[in-house]
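Below is one structure, written out as structure tokens, with a few remarks after it.
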Amino acid sequence: MAKKVLVVEDYQEYRVVIQHVLTPKGFEVFEAKDGEAGLRAAKEHKPDVIILDLGLPKMSGVEVLQELMKDPELAKIHVIVATANDDEESIRTVTRLGVTNYLTKPYTPGEIMEAVRIIAPKA
């Protein structure tokens with residue numbers, strides 16, 4: 001069974017790159033372009049991994065993380081933050097909220113693949 005990855009990212013270019021990197025490796029990739037849609041997709045698809053931007057419309061990535069942590073089932077999902085925001089306070093905040101990894105944009109396709117492979121090695 002394919003591992004499921006949810007990409008919550010407002011920039012289509014990043015969503016497309018992640019889709020193109022993960023799909024050929026056997027991952028099933030779902031997309032959401034804002035925080036609210038990302039939270040709904042997490043509830044619906046129950047992904048193994050969420051790749052989450054912090055600067056999202058409608059609901060920030062931090063707010064999405066806070067909502068995920070309120071639900072015992074969703075709180076188990078591994079979250080990789082992939083964002084342009086690299087300030088120390090943001091990193092501390094999301095680390096307290098249990099993120100698995102933190103990547104700063106621009107990241108390479110290889111960095112995304114490696115971060116996902118560590119969490120979900122057998123797609």
So I have (i) 17.2; (ii) 15.5; (iii) 14.0, and one of them is Kirkwood radius over Cα pairs in Å calculated from this model. Which one is it? (iii)
Suppose the Debye formula is applied to equal point scatterers at every Cα of the stretch 54-115; what is log10 I(q)/I(0) at q = 0.12 Å⁻¹? -0.29
Would you work out what percent of the accessible area of the chain, with all protein chains in place, is carbon or sulfur (probe 1.4 Å)? 52 percent
Which cross-chain or sequence-distant (5 or more) residues have an amide H under 5 Å from the amide H of V7, H modelled 1.01 Å from N in plane? F30, E31, A32, I51
Counting pairs of alpha carbon atoms under 8 Å apart in space and at least six apart in sequence, what relative contact order in percent does the chain give? 26 percent
For the chain, what is the accessible area per residue in Å² when the probe is 1.4 Å? 53 Å²
Hz values of 3J(HN,Hα) by residue in the stretch 40-53 - Karplus curve (6.51, -1.76, 1.60), Gly and Pro given as x: 4, 5, 4, 5, 6, 9, 6, x, 7, 9, 10, 9, 10, 7
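The values are calculated or read from the model by the stated rules, or taken from the named source; none is laboratory data. Since the structure is predicted, the reported quantities are computational estimates derived from the model, not experimental observations. We work out accessible area using only protein heavy atoms, side chains counted, and drop any ligands, DNA or RNA first. Shrake-Rupley method; radii C 1.70, N 1.55, O 1.52, S 1.80 Å.
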